[in-house]
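Visitor: Submitted below is the structure of interest, expressed as structure tokens.
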């Protein structure tokens with residue numbers, strides 16, 4: 001099995017992070033077929049990377065600005081059987097690619113695999129108020145996902161691998177859902193991989209997405225993302241993105257995992273926080289409160305996003321009617 005590794009990059013401000021990500025790929029026990037660095041419309045960074053990494057394939061994003069366009073460029077460039085994605089601010093454990101291969105090898109139905117992503121806090125430790133159930137807000141594996149290898153609805157895009165042929169068959173990653181240059185400056189949007197995985201499963205019945213905890217990476221969490229302000233903004237942005245996903249693939253599939261998460265994972269998290277407080281940990285109540293706020297802000301974002309889409313659809317319908 002030939003595995004192409006794709007790292008999407010966009011700013012020289014992450015130069016040290018990019019170097020660490022590349023070195024972690026070079027240090028794999030199971031070496032990749034090729035390493036592809038996709039630069040998102042930044043000619044200076046593109047040139048610098050080509051000079052620095054002559055053994056890698058360094059290309060410019062040939063699609064729309066943003067992470068989805070970068071991933072589609074990486075898939076189009078890749079020649080491996082499998083394309084593995086690693087965030088530009090993450091480092092992979094030495095057995096990362098080996099674990100992806102084991103999860104896919106001999107099981108054609110498994111078309112995508114997601115790994116375990118651990119937070120690496122720039123502050124040195126997790127903020128005491130930060131609930132494990134919301135680690136997705138910083139791009140990491142959260143409480144509520146399985147602890148062992150098993151099928152899941154969707155993987156997290158910064159630590160994932162897909163069979164290359166299926167990505168093109170279902171139209172690749174859709175722009176307009178995940179992060180773009182504008183989105184980086186305003187709202188920390190996401191969910192491009194969620195929409196892709198659901199769409200893939202809808203168009204290829206019987207296809208499986210697998211969670212593989214042995215495919216481990218560490219994801220850097222800067223101090224700016226360890227604040228309650230960022231936490232709230234990320235939750236709101238997730239709600240906006242979920243509305244787009246539901247419009248694209250239908251609310252039934254688009255919100256199936258979220259219903260279980262809200263009905264079971266979050267209430268248990270609140271109870272754990274309250275119980276911790278009763279045992280003498282005052283931060284437990286803060287974690288319980290953060291869960292409530294996170295759910296409220298995400299729900300609010302979804303409601304706003306859904307309303308905007310309905311208004312946009314109504315306007316488009318009136319425009320078409322007027323043109324007739």
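No lab work stands behind these numbers, since they all come straight from the coordinates. Values in this document were obtained by computation on a predicted structure and should not be read as measured data. All Cβ positions, even for glycine, are placed from backbone atoms using ideal geometry, and neighbour counts span all protein chains on display.
Visitor: Tally the DSSP beta bridges in the chain and give the antiparallel ones as a percent, rounded to 5.
Guide: Values: 14 of 40 bridges.
Of all bridge pairs located within the chain, approximately 35 percent are antiparallel.
Visitor: If you don't mind, there's one more thing I want to ask. Just how many % of Cα pairs in segment 81-227 lie over 21 Å apart, if you round to the nearest whole percent? Before the final figure, lay out each step's value.
Guide: Numbers: 4744 of 10731 pairs.
Percentage above 21 Å: 44.
Visitor: From the square roots a ≥ b ≥ c of the eigenvalues of the alpha-carbon gyration tensor of segment 3-153, which class results: rounded (a/c under 1.5), prolate (a/b over b/c), or oblate?
Guide: Numbers: a/c = 1.73, a/b = 1.19, b/c = 1.45.
It is oblate, given that a/c is not under 1.5 and a/b is not larger than b/c.
Visitor: From the mean inverse distance of alpha carbon pairs (Kirkwood) and the Cα radius of gyration, derive Rg over Rh for segment 1-47. Provide the component values of the computation, followed by the final result.
Guide: On the way: Rg = 11.6 Å, Rh = 11.5 Å.
Here the Rg-to-Rh quotient is 1.01.
Visitor: Determine, for 189, 37, the number of other Cβ atoms within 10 Å of each Cβ, and report the residues in order from fewest to most.
Guide: In increasing order of surrounding Cβ atoms, one gets 189, 37.
Visitor: In what order do 7, 57 fall by count of nearby beta-carbon atoms within 10 Å, going from fewest to most?
Guide: Values: 7 26, 57 17.
Listing 7, 57 from fewest to most nearby Cβ atoms yields 57, 7.
Visitor: Given the chain, report the % of alpha carbon pairs whose separation exceeds 29 Å. Could the numbers behind the result be given before it?
Guide: Details: 19431 of 52326 pairs.
So the portion of pairs separated by more than 29 Å is 37 percent.
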